[in-house]
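To keep things clear, I will list the structure first and then write my remarks on it.
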Amino acid sequence: MKRILVVGAEGQVGSELTPKLREIYGEENVVATDLKDPVNSGSGPFEHVDATDAEAMKRVIEKYHIDTVYHLVTLLSAAAEANPNKAWHVCMSSLKHVLDLAVEKNMERVFWPSSIAAFGPTTPKDTVPQSTVLEPTTMYGVTKVAGELLCQYYNVKYNLDVRSVRYPGLISWKVEPDGGTTDYGVQMFYEAIRHKEYDCYLTDDSTLPMMYMDDAVKATIDLMQVEDPVRIKVRTSYNLASFSFSPKELAEEIRRHIPDFVLTCTPEARRQKIANSWPRTIDDSAARADWDWKPAFGLTEMVDEMMKQLRKKLSA
Ligand code: SER
């Protein structure tokens, strides 16, 4: 029987992953934790826990006899640039506690997300291979590279079954992202529906890898459901891709639904610099070969689904 802990269950990913895990494994078997009150993670056991507090994490893990952890706590790229010391502390200390507790309690499996932010200006811009140069110039990216190496180290040294994917920018309608560089990909939908206009903080040709949240949740669960750990050959983090777009291309897609939608762009230096340091497209053939990863949503399907769900949400 799986006893699952989701750390950061009220964040952008946790809000959608936690209910899905509860559907699969049963409400009582999925414990949600966050600093925030439970709103989106669904009904089931919930604990307020500061993930940087090792003793508090240990208490929850022992109380619920946890054998699997999804550790989602982070500060996204722009938020991490505004507060690099906090970002390092929150991301790295919480990950280290989870990995140590997983070894101590002989846990079955750990999931931790990396990001396209692990790449940097010296990484190829297109079809980034699985193994490539990782020299990010953001604190978020630094925590992702350090985290990837730490996960691999715990696998090699302690045989801990820790698994990871590099999420692209995630597009979702349920919970808005906060403090990221790819957040515009969600904000544009809200503003298009509400005001038929949006002023983007990136140039209209800034192309970045993106993914619909349903696919990010599916990738996470598919990877974690692979029974034979030998199939998981990458122990840093798997490249993951669906589609890439620029603000101009997303606006064109939205105009299929709102023909008079107007996009303007007023680039903001901090986030533009971050976007410029990231690649345009990703090669995810290792994930496809090792654990049969395949996204369900293309750009058009994602836009149609976002419009449908957000129109419903905003008119409610
Ligand atoms: N969505 C993240 C960000 O923009 C990238 O993984 O920070």
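The values are calculated or read from the model by the stated rules, or taken from the named source; none is laboratory data. Please read these numbers as outputs of a predicted model, since none were measured by experiment. Reconstructed Cβ throughout: ideal geometry from the backbone, glycine too, with neighbour counts over all protein chains shown. Side chains are part of the model used for accessible areas, which takes the heavy atoms of the whole protein and leaves out ligands, DNA and RNA. Shrake-Rupley method; radii C 1.70, N 1.55, O 1.52, S 1.80 Å.
General remarks:
- The range 181-204 - residue that is in a strand (DSSP E or B) and either at pLDDT below 95 or of a type outside the set (Ser, Thr, Tyr) (or both) and, of those, least open to solvent (accessible area, probe 1.4 Å): 200
- Residue within the range 135-144 that is in contact with an Asp or Glu (Cβ under 7 Å, 6 or more places away or on another chain), open to solvent by 20 Å² or more (accessible area, probe 1.4 Å) and within 15 Å of the ligand (Cβ to nearest atom) present: yes
- Residue within the range 135-146 that is among the charged types (D, E, K, R) and within 22 Å of residue 32 (Cβ to Cβ) present: no
- Scanning the range 274-294 for residues that are touching a residue at least 12 places away in the same chain (Cβ under 8 Å) and open to solvent by 70 Å² or more (accessible area, probe 1.4 Å) yields 276, 280, 292.
- The range 205-254: number of residues that are of a type in the set (A, V, I, L, M) and not in a helix (DSSP H, G or I): 8
- Members of the range 269-304 found to be closer than 15 Å to residue 245 by Cβ, assigned to a helix (DSSP H, G or I) and among the charged types (D, E, K, R), listed by number: 301, 304
- Any hit, the range 159-172, residues being within 9 Å of the ligand (Cβ to nearest atom) and either among the basic types (Lys, Arg) or free of Cβ contacts under 8 Å to residues at least 60 places away in the same chain (or both): yes
- Qualifying positions in the range 223-244 - hydroxyl-bearing (Ser, Thr, Tyr) and out of contact with any helix residue (DSSP H, G or I) (no Cβ under 7 Å at 6 or more places or on another chain): 244
- Of the criteria (1) closer than 30 Å to residue 314 by Cα; (2) open to solvent by 10 Å² or more (accessible area, probe 1.4 Å), which one residue 159 fails: (1)
Per-residue answers, yes or no, for (1) within 16 Å of the ligand (Cβ to nearest atom); (2) touching a residue at least 24 places away in the same chain (Cβ under 8 Å); (3) under 29 Å from residue 234 (Cβ atoms):
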position: 13; (1), (2), (3): yes, yes, yes
position: 43; (1), (2), (3): no, no, no
position: 48; (1), (2), (3): no, no, no
position: 55; (1), (2), (3): no, no, no
position: 108; (1), (2), (3): no, yes, yes
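- Entirely in the range 1-90, the strands (runs of 3 or more DSSP E) that have 1 or more residues that are surrounded by fewer than 23 Cβ atoms within 10 Å (Cβ to Cβ): 46-48, 68-71
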